Structures are given as C-alpha cells and as structure tokens.
C-alpha cells in the first residue's frame, strides 16, 4: 500500500538507476550499494547507516512489480502538479490517507478498486491505480472538471484488469513434477492453472491473464497463486535436490555392498556402499532430483546403519569375536582429546 512520503522520495535516484531500468539493473545497483554501505563496514558512521536504510526501502518498492506500478502512478501524479497537504484543524487540503480512505477505507462511501482474494473474509486493500482513476479520470469527479488522468488533459485510456490473489495446496510429487489445478471463485468462475515443475512450498506464481477482466480493449489482470506443498513420508527436499534416509545393515556398511534406493517416480536405482561407510555419510545420485528447465538436481541418500534388535546365537558369537579383536581400541579417544583442547 502506498504511503504519503512516496510523493517526496525518488527511489530511482536513491539507487542511481533510470526510471525505465529493468529488474536486473535495479538488483545489481542495490547489491553494490548494500555492500558499500553495510553497517558492518561502516561502524559508527550514522550517515552510511541512514543511506543503507534508504536504499533498502527503495529496493523493497522497486523490486516488487506491483508496488513499483503503484509508486510510478503516485510519482506521475506528483510530477503533474497535484499536491496534497496534511489535514487537520485549519488545514485547507485533504490529507493523503484521508483521500484514500474516501475510496474504500473505513467509513468511506464505497469499496471500489479492491483486489480480489480467494478464501479470505477481510475487505482487502484498495488498488492505487483504481483510486487514482476514480479521483482524476472519468467525466464525474474529474480534477477541475476535466477528463483524463490527473485532470491535466492527458488521456487515461482503458484500465487493465485487477490482479487476483489465490492459494492452493498440492502434493509433494505434484510440486516436483508439475501439475494442473482448478480454482473456483464466485465472481470469476472456474480457473484452470498450470503449476510448473519444481515449485517450492510457499512460492508465489504469477499466471498472466488469469485475473479480472479490464475495460474493453485493455489486458486482463494476472492470477497470483500462492502454493502450499505437502510433506512426503520418504523424500525431503533441499533446493533442487531430493533427500532420503537409506537404511543399511552393519555388514553392508562394514564390508561394502550394492543396494537399491527408491526414486520419487516409484522406481529404484542401484548405488554402491563402500566398505567402512559410516552412518550419516551422504551418497549422491546424479540427476535424480528436481528438474527445472535445463537444470536437474540430485538425489542425496543419507546412510543410516541399522543396529539389529535381535541376534541369533551365531550372530552374537561373530560380534563377540569382532569385539575381542578390537580390544584396546577406543573410538571415543579422539573425541575426548578434542573436548579438552
């Protein structure tokens, strides 16, 4: 949501980028400034600390496409000459927040311009572009009786459709392999959305043209979908790698073996366990992880040596012989030595 100081602050100048800079240029400029101005490198320098906060605020707005559009709209109105003074006793102008509250806020006459959110009970926040259009565009309520954006003779044009916020839950395998979900909304009806392979828990996906319809001739809004991914009973995820705990017997770990490892698609793959493999060692199976575009992650199998709960007489005798052969060896000696260091 826009704030009053957006009229005064030039976030593009703060980051030293042109107004038409793309996301990559903005990110690069912010990172360079953040490195130079970081408090760890400027201890006691209050001026650098203040600049560090300023570039953080500027990047937070300009790196978010939705906030950037709202900021550009506010700045465009400001540059056109429209100014607002703080309200209050004796004040001749309406305050910035008062103006916004008149268009859908508490006590305001209408709720126009609110964004759609599925599965929520609140009223949402006003869309600044819709509010500006109500204040300055159209034949009724135009600034100074003129039509056009800001009332300064420019043509507002057809307004694009509003973005729609929605959420969905999918299974672990569907998130890794990709899926198609169907959403329903009372005012938008049924929406079919394609979930790309490799989506992460909590990730937001922008689906172009799946939002509200705009004015005739204008583009529809987007569907911004937040995805919740369920847990898997066997597999986990670390970035684009899949993880799994792999049980092996004491004999397999001590003597070495070739064992089968399950894969997410329901199959299996063979992996060699080297002689003397300890519990906790990770075996990497190339290309068996999450596929995103041309990149493939790996399957990381963490060895878990299984201690037998019941021993036959022969097994017990064999282990006792091994213990006798290792008599005098203390595997914790080095541990104690490091603890005392």
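The values are calculated or read from the model by the stated rules, or taken from the named source; none is laboratory data. Since we're looking at a predicted model, the values are computed, not measured. Please note: Cβ atoms are built from the backbone with ideal geometry, for glycine as well, and neighbour counts cover all protein chains shown.
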Task: Condition met for residue 224 (in a strand (DSSP E or B), farther than 16 Å from residue 197 by Cα and not assigned by TED's automatic domain parsing to the domain that holds residue 273) - done: yes
TODO: Pick out, from the range 249-341, the strands (runs of 3 or more DSSP E) lying fully within it that include 1 or more residues that are farther than 23 Å from residue 233 by Cβ.
DONE: 257-262, 268-273
- [ ] Evaluate the following for residue 198: is it part of a loop (DSSP other than H, G, I, E, B) and under 25 Å from residue 67 (Cα atoms)?
- [x] no
Task: Selection within the range 169-180 - closer than 12 Å to residue 202 by Cβ and either part of a helix (DSSP H, G or I) or at pLDDT below 90 (or both) - done: 175
